[in-house]
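Working notes, structure below.
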Amino acid sequence: MFQSVTKALMALTISAAMLATPVFAEPISIKFSHVVAVDTPKGQAAEFFKKRAEELTQGKVKIEVYPNSQLYKDKEEMEALQLGAVQMLAPSLAKFGPLGVKDFEVFDLPYIFNNDVDLHKITQGPVGQQLLDKLEPKGVKGLAYWDNGFKSFSANTPIKTPADLKGKKLRIQSSKVLEAQMQALKAIPQTLAFSEVYQALQTGVVDGTENPISNFYTQKMQEVQKYMAITDHGYLGYAVIVNKKFWDGLPADIRTQLEIAMKEATVYANHMANEKSIKDLEAVKATGKTEVTVLTPEEREAFRTVLIPVHEKMADRIGKDTIEAVYKAINFKK
Ligand code: LMR
């Protein structure tokens, strides 16, 4: 009698423990830091990823999203990822130079992609994967590319021709290709963290800048920039990256669920990028504060003529093989 009660108690204890484990185990925490507003393609995709990752892992993973440079600014966030202070980021492809992977600056070459179809041949194909693989020796793993959009120039004086930007101080991200691009326009490039741009424009530290439309609108740059020319002269998008040691150390089933969530978030991000580039342009126009000019094909060609030589100039920095691989995949013609 005594023995059977003991056995029953033991069985109860074991099944209670089995039941208790999933409920009381600490969730794995992933800090995802980024520098843009929540209402941008990246901001929305980060929220989407959080939701799906938490659903698919049934709460075993908790994603904490920190938008708007709340936690770290551009350069600091890369260092924080390598140190393991955050686990996930989605920096612009123009910000990988300081990490020592300059190949990503191929995405900054002016007029390299004609449209999303060309772009996706790279970001969703073997060349894009080879680029992500180059991050691994830096302790970083690339999970996906997320779109934002094509950039336009803005300033407080009208922009119709490359000469209109001559002598202007223009804010850039940390890419040397963007520096060369501004120099080709005879402008003065100034590298600034994204979080500092609005104030720099407001106080005249810089005269103008370049942005995809959703970043311009959500940072309220229409309050401090009177003119924008839709030049679509270059691309801005992201690589979603994680600390490799952290990622490799995750239980395999969790990693698989997170990969599924990331695939879904990528489709969502690219859809949002499309939607926002249309909606936010209308929203900027509706403020009546920034005059938006669409360049004629001839005006656009004038910018192209000035900017295409940047490809040749930056070939050694980016890597000739990388540029050639991209050219070949999209059948690029100068
Ligand atoms: C910028 O610095 O302009 C962008 O990289 C910001 C972003 O993350 O879109």
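The values are calculated or read from the model by the stated rules, or taken from the named source; none is laboratory data. Since the structure is predicted, the reported quantities are computational estimates derived from the model, not experimental observations. Counting neighbours? That spans all protein chains shown, and the Cβs are built from the backbone with ideal geometry, glycine included.
Mind listing just one residue for me: the one in the stretch 78-91 that is of a type outside the set (A, V, I, L, M) and more than 10 Å from the ligand (Cβ to nearest atom) and, of those, surrounded by the most Cβ atoms within 10 Å (Cβ to Cβ)? Within the stretch 78-91, the match that is surrounded by the most Cβ atoms within 10 Å (Cβ to Cβ) is 87.
Checking each residue of the stretch 274-281 against the condition of being touching a strand residue (DSSP E or B) at 6+ places or on another chain (Cβ under 9 Å) and of a type in the set (Gly, Ala, Ser) gives at least one match.
For (1) in contact with an Asp or Glu (Cβ under 9 Å, 6 or more places away or on another chain); (2) without any contact (Cβ under 8 Å) to a residue 60 or more places away in the chain, each residue gets a yes or a no:
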{"residue": "232", "(1), (2)": "no, no"}
{"residue": "244", "(1), (2)": "yes, no"}
{"residue": "263", "(1), (2)": "no, no"}
{"residue": "281", "(1), (2)": "no, no"}
{"residue": "296", "(1), (2)": "no, yes"}
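The residues of the stretch 156-205 that are away from the ligand (no atom under 12 Å from the Cβ), β-branched (Val, Ile, Thr) and in contact (Cβ under 8 Å) with a residue 24 or more places away in the chain, listed by number, are 157, 159, 161, 177, 205. Residue-level check: of (1) more than 15 Å from the ligand (Cβ to nearest atom); (2) surrounded by fewer than 23 Cβ atoms within 10 Å (Cβ to Cβ); (3) under 29 Å from residue 329 (Cβ atoms), residue 31 misses just (3). For the stretch 116-135, the criterion of a residue being under 17 Å from the mean Cα position of the chain (by Cα), within 29 Å of residue 289 (Cβ to Cβ) and within 11 Å of the ligand (Cβ to nearest atom) is satisfied by no position. In the set (1) modelled with pLDDT of 95 or more; (2) hydrophobic (A, V, I, L, M, F, W, C); (3) away from the ligand (no atom under 13 Å from the Cβ), the condition left unmet by residue 107 is number (3). Out of 95, 60, one residue alone is of a type in the set (Lys, Arg) and within 13 Å of the ligand (Cβ to nearest atom). It is 95.
Of 150, 194, which residue is in contact with a Phe, Trp or Tyr (Cβ under 8 Å, 6 or more places away or on another chain), among the aromatic types (Phe, Trp, Tyr) and closer than 23 Å to residue 292 by Cα? Outline the logic, then answer.
Details: 194 fails: in contact with a Phe, Trp or Tyr (Cβ under 8 Å, 6 or more places away or on another chain).
Only one candidate passes the filter, namely 150.
Checking 174, 154 one by one, the residue that is of a type outside the set (Val, Ile, Thr), surrounded by 17 or more Cβ atoms within 10 Å (Cβ to Cβ) and part of a loop (DSSP other than H, G, I, E, B) is 174 and no other. Here is a check on your reading of the model: is residue 262 of a type in the set (A, V, I, L, M) and closer than 29 Å to residue 334 by Cα? So residue 262 fails the test. The set of residues from the stretch 218-232 being in a helix (DSSP H, G or I) and within 12 Å of the ligand (Cβ to nearest atom) comprises 218, 221.
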